[in-house]
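Encoded as structure tokens, the structure appears first; notes follow it.
We did not get these values from a lab; they are worked out from the coordinates using the rules stated. All values derive from a computational prediction rather than experimental measurement. Heads up, the Cβs are rebuilt from the backbone with ideal geometry, glycines too, and the neighbour counts pull from every protein chain shown.
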Amino acid sequence: MRQIAKSAEIPKSAKIGPFCVIGENVILGEEVVLGAGCVLADGVRIGRGSRIGNLCSVAERSVLGEEVQVEAHTSIYPNTLLGNGCFIGSNSSIGRPPRPAFTSTVKVQDEIPPLLMSERGVVGCSTVLYAGTTYGERVFIGDRAIVRERCKIGDFTVIGSGVAIENDTRIGSYTKIQTGSYITAYMDIEDHVFIAPMVTTTNDNFMGRTEKRFKHIKGATIRRGARIGGGSILLPGVEVAPETFVAAGALVTKDTVAQRVVKGFPARDVRQVPEDELL
């Protein structure tokens, strides 16, 4: 049993599973596969070779490129654009509109742009990616990660399992953020940065008290090639210089010097980064 609108364009090579609902003006590419229970709202367009798993909901006017794979129980929200060859794991929400708490200080735009992901992106299971963020080519996002709105993620970046990236953060290309790290809002992370597991970053020295905090809120800036050891903490507004090596468990309270190792609680400059470890 299937429900397909008369205006939908379905090629003969497409395979439509049972209990699918396909809305008005939907366009499917050649060799698209829809598993049982898929729901495609009005205006959805899905590129050649895409696969949508069981009970996957693709919302109005989503645009998917060639060879996109979307597993079971995944929702793709309005106007989301996925480039060719993307893979979306099961139980994920892609392009979700932000809905902050009543007491949140995050400002939500009435017309937030859609999520845009370039070619060959890989997204794990139970992942939530909000609208208004752009992703470069071949980005990898692990299971249970969360990326908030208005972020910019560069090419070939890895975001590990359980990582949380807050709003308005920029991350360069070839950067790796490992399992369980927390990347606060309003951060700048440049290319080729390495962030080890369970790193914590902060952006508010007033911790939610007093109105004057708003003009001072700023996360850390991590320059090109810097490495942040596991369990480290970066305080608001610090600048980690290029090729800095932050040892595991360090508390970074002030700006660092390029190509230097810092360690301790609070972190202190201890020596030069060896020449053979530099980019």
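In table form, for the structure just shown:
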read-out: Longest DSSP-loop-exposure-free segment, trypsin sites (Lys or Arg not before Pro), the chain, at most 15 other Cβ within 10 Å; value: 108-208
read-out: Residue pairs, from the table LYS12/LYS152; LYS176/LYS263; LYS152/LYS254; LYS212/LYS263; LYS6/LYS152, whose Cα atoms sit over 28 Å apart; value: LYS12/LYS152; LYS212/LYS263; LYS6/LYS152
read-out: Nitroxide proxy distance, nm - points 7 Å out along Cα→Cβ at PHE206 and GLU31; value: 5.8 nm
read-out: Potential lengthening between TYR182 and GLU24 on full extension [0.36 nm per residue; Cα-Cα distance subtracted]; value: 52.7 nm
read-out: The chain - percent relative contact order, Cα under 8 Å, separation 6 or more; value: 7 percent
read-out: The stretch 102-194: GluC sites (Glu not before Pro) in DSSP loop, at most 14 other beta carbons within 10 Å; value: GLU111
read-out: Estimated Rh, the chain: Kirkwood, alpha-carbon pairs, angstrom; value: 19.9 Å
read-out: Label point distance in nm, LEU278-ILE4, each placed 7 Å from Cα along Cα→Cβ; value: 6.3 nm
